[in-house]
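The values are calculated or read from the model by the stated rules, or taken from the named source; none is laboratory data. This one's a predicted model, so the numbers in the text were calculated from it and none came from an experiment. Every residue, glycine as well, gets a Cβ built from its backbone with ideal geometry; the counts of neighbours run over all protein chains shown. Quick note on the areas: whole protein, heavy atoms, side chains included, nothing else; ligands and nucleic acids left out. Shrake-Rupley method; radii C 1.70, N 1.55, O 1.52, S 1.80 Å.
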Amino acid sequence: MKEIIDEAVRILKAGGVILYPTDTVWGLGCDATNEEAVAKVFAIKRRSEAKSLVLLACDLDMVALHVKEIPSIAIDLVEVNDAPMTIVYPGAQGLAANVVAEDGSVGIRIPRHEFCEQLVRRLRRPLVSTSANVSGEPAPASFADIAPEIRAAVDWTAPRRFEQGSTGRASQIIKLGLRGEVEIIRP
């Protein structure tokens, strides 16, 4: 696995876009601090840059580097949740402007998926994680569900054997505020 992740990280650091399995569905990914790479993801998905993207982080320390403050409830949610959960944090920082929502927030998930964890840890920065589909089409639960045009548009594709551990379903999404506000966007 080390050589495969090293190759993916090399592509990501060069501004490339990868196709890879996550803890939820197959995703398109790039370095979340590289605005040009993020623009490529939007182009592949044919998605408006007005919509924000979900990011993967390897742990709360990485999250803390990219948001101004982590609401205390987020720590509890990360520790107790046993299903894929994306938390929308206020006050994004140190990220490509085109991954940040208009209100300055950013959605980040800490995956419990060995391939994703190692990939993000080795990249040492957040990884874009958006479903590998054209915007408005169903998210690909497995590699076989990915449209040929998406497969052809990326710079690197993970071996299919790493899809083990993916749920095939989207994560829940919870938006948090700094004063204890909690909004469930997707249960």
Within the range 64-175, considering only helices (runs of 4 or more DSSP H) that don't extend past its boundaries, which have at least 2 residues that are surrounded by 15 or more Cβ atoms within 10 Å (Cβ to Cβ) and β-branched (Val, Ile, Thr)? 72-80
Identify, by number, the condition in (1) closer than 20 Å to ARG179 by Cα; (2) of a type outside the set (Val, Ile, Thr); (3) surrounded by 14 or more Cβ atoms within 10 Å (Cβ to Cβ) that GLU35 doesn't meet. (1)
Can you find even one residue in the range 145-154 that is at pLDDT 95 or above, aliphatic (A, V, I, L, M) and under 14 Å from the mean Cα position of the chain (by Cα)? no
For the range 9-32, which residues satisfy the criterion of being surrounded by 24 or more Cβ atoms within 10 Å (Cβ to Cβ) and among the small types (Gly, Ala, Ser)? GLY27, GLY29, ALA32
Could you list all residues from the range 101-113 that are touching a helix residue (DSSP H, G or I) at 6+ places or on another chain (Cβ under 8 Å) and touching a residue at least 60 places away in the same chain (Cβ under 8 Å)? PRO111
Within the range 26-41, identify whether any single residue is among the polar types (S, T, N, Q), assigned to a strand (DSSP E or B) and more than 14 Å from CYS116 (Cα to Cα), and answer yes or no. no
Only residues in the range 132-145 that are under 17 Å from GLY165 (Cβ atoms) and among the aromatic types (Phe, Trp, Tyr) count as the first member; pair them with residues that are open to solvent by 50 Å² or more (accessible area, probe 1.4 Å) and outside any loop (DSSP other than H, G, I, E, B), Cβ under 7 angstrom, at least 6 apart or cross-chain, and list the lot. PHE143/ARG160; PHE143/GLU163
Restricting to the range 103-124, name every residue that is within 11 Å of the chain's Cα centre (by Cα) and either charged (D, E, K, R) or over 30 Å from ALA64 (Cα atoms) (or both). ARG109
Condition met for ILE5 (open to solvent by less than 50 Å² (accessible area, probe 1.4 Å), closer than 19 Å to ILE150 by Cβ and either touching a helix residue (DSSP H, G or I) at 6+ places or on another chain (Cβ under 7 Å) or touching a residue at least 60 places away in the same chain (Cβ under 8 Å) (or both)): no
Look through the range 176-186, keep the residues that are open to solvent by 50 Å² or more (accessible area, probe 1.4 Å) and part of a strand (DSSP E or B), and return whichever of them is nearest to ASP76 (Cα to Cα). VAL182
Which numbered condition ALA43 fails, given (1) closer than 23 Å to ALA147 by Cβ; (2) open to solvent by 20 Å² or more (accessible area, probe 1.4 Å); (3) at pLDDT below 95: (3)
